[in-house]
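Peer 1: One structure, as C-alpha cells, below. Some questions next.
The values are calculated or read from the model by the stated rules, or taken from the named source; none is laboratory data. What you are looking at is a predicted structure, and each value in this text was computed from that prediction instead of being measured. Please note: Cβ atoms are built from the backbone with ideal geometry, for glycine as well, and neighbour counts cover all protein chains shown.
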Amino acid sequence: MVDLTLHIRLVSDVAMFILIWLVQLVIYPAFHVVERDTFIQWHERYTRNIAFFVLPLMIAQGLTTILLLLRNNGLIPILELVCLLTAWGVTFTLSVPCHKKLHEIGRDQAVIDRLIQTNWLRTIAWTAVMLLGWLPE
C-alpha cells in the first residue's frame, strides 16, 4: 500500500532541496547585479513569486513531518523536525528581515552578503531534512 503522507513528504523535501540550492547558488548572488534603479520593484516581484513555491512546500513539510512523527517518534523523525524547525527559524529570524531591508532600501551589498551567508544555515538544514527523509525509520 502506498503511504501518501510519506510520498508527499519525500516530494516536498526534494523540491525544497532543489529550490534552496538554486536560491543559494544562483538567485541570491544575482541580487548583486540587478540594476539599482529597478531593484526594489524586481525584489518585490521575486519575493511574491517565490512564495508560490516556498509556502506550499513549507506547509507540506510541516504537516507531513508532524504526521510521520506521530506515527513513529524515533530518532530520525525527531531529527527531521529539529532540522525543519532550524530552517524555519533561520527563515523568519534572519532571511525575512534581510528581505524586508532590501525592499525598503534597495540593493545593498552588505545586506545581500548577509542574506547569502545566513542562507547557508537554511541550505544545510533543508539538505539534512531531505537526506534524513530517505533513511529507513
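Peer 1: Out of ILE105, ILE116, which single residue is farther than 19 Å from LEU55 by Cα, within 14 Å of the chain's Cα centre (by Cα) and at pLDDT 95 or above?
Peer 2: It is ILE116.
Okay, residues lined up against (1) of a type outside the set (Ser, Thr, Tyr); (2) in contact (Cβ under 8 Å) with a residue 12 or more places away in the chain; (3) touching a His at 6+ places or on another chain (Cβ under 8 Å); (4) within 19 Å of ASN119 (Cα to Cα):
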{"residue": "ILE18", "(1), (2), (3), (4)": "yes, no, no, yes"}
{"residue": "LEU25", "(1), (2), (3), (4)": "yes, no, no, yes"}
{"residue": "GLU44", "(1), (2), (3), (4)": "yes, yes, yes, yes"}
{"residue": "LEU55", "(1), (2), (3), (4)": "yes, no, no, yes"}
{"residue": "LEU69", "(1), (2), (3), (4)": "yes, yes, no, no"}
{"residue": "ASN73", "(1), (2), (3), (4)": "yes, no, no, no"}
{"residue": "LEU79", "(1), (2), (3), (4)": "yes, yes, no, no"}
{"residue": "CYS83", "(1), (2), (3), (4)": "yes, yes, no, yes"}
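Peer 1: Then there is this: Suppose we filter ILE112, ILE76, ILE40, ILE59 for residues that are in contact with a Leu (Cβ under 6 Å, 6 or more places away or on another chain), of a type outside the set (S, T, N, Q) and either under 24 Å from LEU10 (Cα atoms) or in a helix (DSSP H, G or I) (or both); which single one remains?
Peer 2: Working: ILE112 fails: in contact with a Leu (Cβ under 6 Å, 6 or more places away or on another chain); ILE40 fails: in contact with a Leu (Cβ under 6 Å, 6 or more places away or on another chain); ILE59 fails: in contact with a Leu (Cβ under 6 Å, 6 or more places away or on another chain).
Going through ILE112, ILE76, ILE40, ILE59 in turn, just one is in contact with a Leu (Cβ under 6 Å, 6 or more places away or on another chain), of a type outside the set (S, T, N, Q) and either under 24 Å from LEU10 (Cα atoms) or in a helix (DSSP H, G or I) (or both): ILE76.
Peer 1: If you check VAL129 against the conditions, is it at negative phi, crowded, with 18+ Cβ neighbours inside 10 Å, in a helix (DSSP H, G or I) and under 16 Å from the mean Cα position of the chain (by Cα)? Before you say what the answer is, go through the steps one by one.
Peer 2: On the way: at negative phi: yes; crowded, with 18+ Cβ neighbours inside 10 Å: yes; in a helix (DSSP H, G or I): yes; under 16 Å from the mean Cα position of the chain (by Cα): yes.
Yes.
Peer 1: Of ILE66, ILE40, which residue is under 27 Å from LEU131 (Cβ atoms) and of a type in the set (Val, Ile, Thr)?
Peer 2: Just one listed residue meets the conditions, ILE66.
Peer 1: Then there's this: Listed residues ALA87, ALA110, ALA30; which is in contact with a Lys or Arg (Cβ under 6 Å, 6 or more places away or on another chain) and small (Gly, Ala, Ser)?
Peer 2: ALA87
Peer 1: Going by what's in this entry, would THR118 be described as in a helix (DSSP H, G or I) and loosely packed, with under 13 Cβ neighbours inside 10 Å?
Peer 2: In short, no.
Peer 1: Still on this structure, please answer the following. Within the range 11-41, which residues are surrounded by fewer than 16 Cβ atoms within 10 Å (Cβ to Cβ), more than 15 Å from the chain's Cα centre (by Cα) and not acidic (Asp, Glu)?
Peer 2: PRO29, ALA30, HIS32, VAL33, ARG36, THR38, GLN41
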